[in-house]
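The values are calculated or read from the model by the stated rules, or taken from the named source; none is laboratory data. Please read these numbers as outputs of a predicted model, since none were measured by experiment. Every residue, glycine among them, receives a Cβ derived from its backbone with ideal geometry; neighbour counts consider all protein chains shown. Ligands, DNA and RNA are stripped out before the accessible areas are found, and what is left, the full protein with its side chains, is counted by its heavy atoms. Shrake-Rupley method; radii C 1.70, N 1.55, O 1.52, S 1.80 Å.
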Amino acid sequence: MTTWHLAKGFRFAGLHCGIRPDPNRRDLALIVSDVPAAAAGVFTRNRVRAAPVRVCQERLPSSEVRGVVICSGNANACTGPRGLDDARTMTAVAAQCLGCRPEQLLVCSTGVIGRHLPMPQIESGIRAAVTLLADTPLAFDSLARAILTTDTRIKVATREIELEGVMVRVTGVAKGAAMIGPNMATMLAFVCSDAAVSAADLATLVRRAAEQTFNCISVEGHTSTNDTLLLLANGASQGNRAIPVQGEPLARFSSAVTDVCGELARDIAADAEGATHLITIEVEGLRDDREAYRVAKTIAESALVKTAIHGADPNWGRIVSAAGYAGVEFEEEHLSLWLGDLLLYHAGVPQPFDAATASAYLKRERHVHLRLRFTLGPGRCTFWTCDLTQEYIRLNAEYTT
């Protein structure tokens, strides 16, 4: 097990409660702070929002959060008033066990849309999970596995940094393998820290971190109903101090949170359903970052680009043409393109290259780099996606059957 920097004052649990038919698949998890924590979140921009998303949005930002209860295998989305009642009941049961108010608990779900939760099993599972809470790597591993759906592996990223003479930790865990598109999709991510940071500052920096990381990944561009990124900070490493960090220490904390989110985001793109390649798209030289983002996103979501990379076909015209329909004004002579270290297209002119070498690069490398350089300004964006495979089609064609 990789060495993880687990934030102090947090305990974790994960178990099988019966949402999934397989007793070996964990499907319920808890994250609990021993003291009230500041918390903020970023959520899906889909107009169809799952019940747990609505409950979290009602309760955040907050300086009194005690934890999160999470279930997998059922999204509790498109479930009407009953779904909202069930989400609130999950927090009420956890709160009763922890001795706090239901409003101090957050709730997340992931899985199949349009099915009601099996609440008797979930309520029993929450009570059992509370008895398993621990601050050990094994407990954290159980949490990381309990939130997975079609993921093939857990996704964990941690950092340890010094703030005002004290070592603090940032501990992140996520799930996601499909229904992944900018505006956070279907992903859940939880970042816990023992630093002392205000809820207002968390709200600002979690939005910034999401824009640079989770909103810069795509599998097929499908924005889920349940996407959630939660950031909690309980101050345990700094003696639960009343005055949160500010200034330069806050900036370094923000950088650590973004680093953790970036690692988790790349892990999601790399673990995309059926994927054999992680694709990094670097766009630079447009008028501003938003233009660069539009070009990178358009390329990332092109089925023709994604299938060409899967087939090790260096058909670079698909990349250039995708940039051309992104809705950003430029002329062909403004654009150059590299595949890895191979220059394919320079200032609007195709370049001689060995197709066999380019194809071999695509076959050999699990991590593929595309770089597009324009000559119009300082705008830049780094975006991550994956190839599109027959296995992705099979998995999603058979998802509920």
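Things worth noting here:
- Given (1) 22.1, 85; (2) 21.8, 69; (3) 33.2, 105, the label whose value is Rg and Dmax of the Cα atoms in Å derived from this model: (2)
- Solvent-accessible area per residue for the chain (1.4 angstrom probe, square angstrom): 39
- Length-normalised contact order for the range 92-150 - Cα pairs under 8 Å, 6+ apart - percent: 35
- Summary of the geometry: the range 213-233 and the range 287-340, compared by the centres of their Cα atoms, lie 22 Å apart.
- Going by accessible surface with a 1.4 Å probe and the largest first, K297, K155, K363 read K363, K297, K155.
- Cβ-based net charge around E301, under 14 Å, with every Lys or Arg adding one and every Asp or Glu removing one: +2
- Heavy atoms of I147 accessible to a 1.4 Å probe, total area in Å² rounded to 10: 0
- Averaging the Cα positions of each part gives two centres, and for the range 60-105 and the range 6-33 these lie 14 Å apart.
- Across the range 29-104, C-alpha contacts under 8 Å between residues 6 or more apart give a mean separation that, scaled by the residue count, equals a relative contact order of 35 percent.
- Among residues other than A37 with Cβ under 11 Å from its Cβ, the summed charge is -2 (Lys and Arg +1, Asp and Glu -1).
- Taking a sphere under 13 Å around the Cβ of T79 and counting the other residues whose Cβ falls inside, with K and R at +1 and D and E at -1, yields a net charge of +3.
- Positive-pole candidate from H116, V206, V55, dipole of the chain, charges at beta carbon: H116
- Using a probe of 1.4 Å, the accessible surface attributed to R101 totals some 110 Å² when neighbouring protein chains are kept in position.
- Under-5 Å amide H pairs with Y345, H placed in peptide plane, nonlocal only: L337, Q351
- Accessible surface of the range 109-263, 1.4 Å probe, proportion on carbon and sulfur as whole %: 53
- What the Cα convex hull of the range 88-184 gives, in volume per residue, is 170 Å³.
- Amide hydrogen neighbours beyond the local backbone of G73, cut-off 5 Å, H modeled: T110, G111, V112
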